[in-house]
Structures are given as structure tokens and as C-alpha cells.
Amino acid sequence: AQTSDGGRQQRDPSTPSQPGPQQRQRALALTAQRVREAGGQFHYLSADLTQPDAVEAVIEQASSQLGRIDMVIHAAGVVEDRGLGAKPVDSFLRVFRTKAHSAMHLRSAMARLAPKYIVFFSSLVSHTGNAGQTDYCAGNEVLNAMAGELASACPDSRVVSILWSVWHETGLANR
């Protein structure tokens, strides 16, 4: 459900911000097919990235299954748009931690690995701001700073933070 706010679309905070299981499975299957058609291998593992033990376990699982990890993409995120004065603390923390803490846990779990590529899906709003997204902006800026720190600390890895704009057909803004 969406509400109109002066011509700007905002997500209704009472609406779940996660796609349904069938939608996720279709998207994963399509992505896997495209990667394989391009000659690549596709492996998808899921974990609650806000929990350090879960991140350690999924990295260990990937390492044992694959032998090595060439690329890690951090694309975790949730949005719960609301003005800072009206935003409950637990909502702010959920949005911020999903971006920032999950990336820190992933960095810690990957410390012994040397992936060729580390990619953070950040957002342009980390630089431009967006009404109701103070928590999301801050979490994305942590990703940007971490990418810079990792680029210096891991000279054999290519580290990037991609500052995405709105994805109209998919992504958080479409929910």
C-alpha cells in the first residue's frame, strides 16, 4: 500500500517491506538462469546478516561448498520511511542495522578470505538525502565508508560501493 504525500509516493509503514516467498523464488530462479546462460555459476545462500553467528555460518558454508569465494555482494536493506520525529527507535535501528551492522558482520566473517570482488549495494540517498530516510541514508553511508576502508586494507580485492538510484521494476522502492 502506498500513500501520497504532496505528490511524493511513500511506503505505508504498516505494509510489509519484504516480497513474498513466491516472488523471491521467481526472481532467484531468473537470476540463476541468466548467470548460467552467461557462462557463470550461481550460488545463493541466505542468512540473517544482522546476526554475527549466522553470517559466520553462511560464509563457512559457502567456503566449504565452493572452495573459494570470488565475489561477495552485500545487498541487504529494508525501508521504513517516516520522519525522524515520528520514527520509533526500533524502526530506526532495524533499518540502520540491516545495512550497517550486516556489512560489519560480513567484513568480519570474510577477514580470512580474499575475494577478488566485494560489492556493496548502497544508495544515492546516502549523499542526497531523502525525506523520511535518515536511518537508510546513514546505513548506506556506512557502506560507502567501509568500501573505502576495505579498498585500502585489501589491495588484492576490487571493492566498490554502488550508489543506486530508484529501481522502478524491482528493489526496495517498488515494495
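The numbers here are math on the coordinates, done by the rules we state, and not lab data. A quick note: this is a predicted structure, and the numbers were derived from the prediction, not measured. Here the Cβ positions follow ideal geometry from the backbone for every residue, glycine too, while neighbour counts run over all protein chains shown.
Key figures for this structure:
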item	result
Dipole in debye (nearest 20) - the stretch 47-115, about Cα centre, beta carbon charges: Lys, Arg +1; Asp, Glu -1	220
Formal net charge of residues neighbouring residue 32 (Cβ-Cβ distance under 15 Å; K, R +1; D, E -1)	+3
